[in-house]
Each structure stands twice: as C-alpha cells, then as structure tokens.
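The values are calculated or read from the model by the stated rules, or taken from the named source; none is laboratory data. Source: prediction; values computed, not measured. Here Cβ is always computed from backbone atoms with ideal geometry, including for glycine, and neighbour counts include all displayed protein chains. Quick note on the areas: whole protein, heavy atoms, side chains included, nothing else; ligands and nucleic acids left out. Shrake-Rupley method; radii C 1.70, N 1.55, O 1.52, S 1.80 Å.
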Amino acid sequence: QVQLVESGGGLVQPGGSLRLSCAASGSYFSLYNMGWYRQAPGKQRELVATMTTRGNTDYADSVKGRFTISRDNAKNTVYLQMNSLKPEDTASYYCRASLLARDYWGQGTQVTVSS
C-alpha cells in the first residue's frame, strides 16, 4: 500500500514556474513507476509526465521542453518542475504510483496560471 501526497500547487502568472512534489509513504518506493497527470474542469484526466524505475521519462507533447519529472528515492518523492507556464496548464495535478497491476493516486494539487 502506498499513500501519495502532492504539494506545491498555487497561482502563478503566465511564464512563471512551479515545482510540484509528491511524497510517498510505505516501502519500496524505488520499485514504483511514477507519473504526473492533470485534469482541467470539464476535461478528462491526461498524462503529463512519467518516470520509470530506471529513470526513463516520457512527456505529453504539450509540456515537452517546459516540464521536467524527477525522483529522489532516498526521500520517497517525485517532482514536477514546471517552467514557462501557460494558462492552458491550469488544472488539478495528480501523482500516480504504479507497480505491476496496482495503481495509487494522490488527492491532487491545484495549479492556476493566470495574470
């Protein structure tokens, strides 16, 4: 069982930056593939970025070159560095941990990009 807690969201102006954190409780964090997803009002949840246990990453085309996912296994934490933020990045951002056939989700953190 893994519990995930996201933090770091907030209100930022277009062009600004935020760093989201997702802290995981439980054991064997390094064995989990980790990901960030987001959901805007009235839209489906979508993948933002993922990182495997080996450190391989994947990004949605809309965030490539602006967002960076990273993890610190010693701290049981995964991060999402978001730069050059745009109004269309406004959404609730969720952390996901996956191992074999099991998925765990955090409660989400709100990111609002507005002037």
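All of (1) farther than 18 Å from Gly15 by Cα; (2) not in a strand (DSSP E or B) hold for Leu47 with one exception: (2).
Taking the range 2-34 as the range and being touching a residue at least 60 places away in the same chain (Cβ under 8 Å), open to solvent by 30 Å² or more (accessible area, probe 1.4 Å) and in a loop (DSSP other than H, G, I, E, B) as the test, the residues that pass are Gln3, Gly8, Gly9, Gln13, Pro14, Gly15, Ser17, Tyr28. Residues in the range 99-115 that are closer than 15 Å to Ser25 by Cβ, more than 11 Å from the chain's Cα centre (by Cα) and open to solvent by less than 60 Å² (accessible area, probe 1.4 Å): 2 in all.
Filtering the range 15-56 to residues that are closer than 18 Å to Leu85 by Cβ and charged (D, E, K, R) leaves Arg19, Arg38, Lys43, Glu46.
Among the residues of the range 52-63, the one identified as in contact with an Asp or Glu (Cβ under 8 Å, 6 or more places away or on another chain), surrounded by 15 or more Cβ atoms within 10 Å (Cβ to Cβ) and either among the hydroxyl-bearing types (Ser, Thr, Tyr) or under 19 Å from Gly8 (Cα atoms) (or both) is Val63.
Of the candidates Arg66, Arg96, Arg71, Arg45, the single residue that is open to solvent by 60 Å² or more (accessible area, probe 1.4 Å) and of a type outside the set (Phe, Trp, Tyr) is Arg45.
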